[in-house]
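Here the structure comes first, spelled out in structure tokens, and everything after it is commentary.
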Amino acid sequence: MGISARKIQILFKKDFKDILKNISISISMIIPLFFAVLYKYLFSDIPMPRAYLLMLVLALNLTMTAVMIPATSIAEEREKNTLRTLALSNVSGFEFCMAKMLVTSFFLLVTNVIIFLLMGEAVRYLPAFIVITVIGAVPLIVLGAAVGLAARDQMTAGVYEIPLMLVFLFPTIFSDMNSVAEKIADLTPCNTVVELVLLLTDGNFLSKETLFPAMVTLAWIVVSIGIFIWLFRRKGVDN
């Protein structure tokens, strides 16, 4: 059975509504925005580098939103055995997962743009920022979907999500404070996105410094897709 764009579109609309109804997922998207507003308007008098603020909030959004939405939503559907009903409409497991990842990309895009504007970055960088964050978030979203496939239910997904988010988030946050954390962060998909964004907003995106984080991002995209395909073939999307 081939992939149907129409079925994915219908699933996208369904998942969009379901995500808005899920309190835990909604909170995961609000938290990074809350911190952005907090730093922007309440702690504006505290001297803190602009780059660090952008890195902190963007990394938080990338790890929480990109990982949690697909992991939780896929695990929820697996727990409810939803695909058995969808299969009657000839919906494939791949179409099911693709819709989850696309709706995650949409919400991540919206929250990233809001963060970008709240941080007061130059609007001329916005198109490139969108491209960087959308492509850079692919491995995080795909790994989040893989977590959803690996989990039996939402509770298990929550247990799996947290270590994954912390592994990607902590090295990025502490990269400027510790040399070991910096070396680890350089190899994580979250930090590479942040590095590319900072190079962009500093006007150095076309420099040779862009090459390494871009290559790391590409490597993570390949690895994450490989992990997802392996889990998809091994477990499928139906318990």
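Read-outs: derived from the displayed coordinates by stated rules, not from any lab. Because the structure is predicted, anything quoted here is derived from the model rather than measured.
Values for this structure:
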| quantity | calculated |
| --- | --- |
| Contour excess over end-to-end distance, with Cα ends at LEU218 and VAL180 and 0.36 nm allotted per residue | 11.4 nm |
| Within straight-line cross-link reach of LYS21, lysines at Cα separation under 23 Å, skipping those fewer than 8 residues along the same chain | LYS7, LYS13, LYS80, LYS100 |
| In degrees, nearest ten, helix 5-21 long axis to first principal axis of the chain (Cα) | 70 |
| Principal-axis tilt of helix 138-150 within the chain, Cα atoms, nearest 10 degrees | 40 |
| The chain: angle of helix 154-173 to the longest principal axis, Cα-based, in degrees nearest 10 | 20 |
| Mean Cα-pair separation over length for the chain, i.e. relative contact order, pairs under 8 Å, 6 or more apart, % | 26 |
| The range 120-215: Cα Rg divided by the 2.2 N^0.38 Å rule of thumb | 1.22 |
| Rg over Rh, two decimals, the chain (C-alpha only, Kirkwood Rh) | 0.98 |
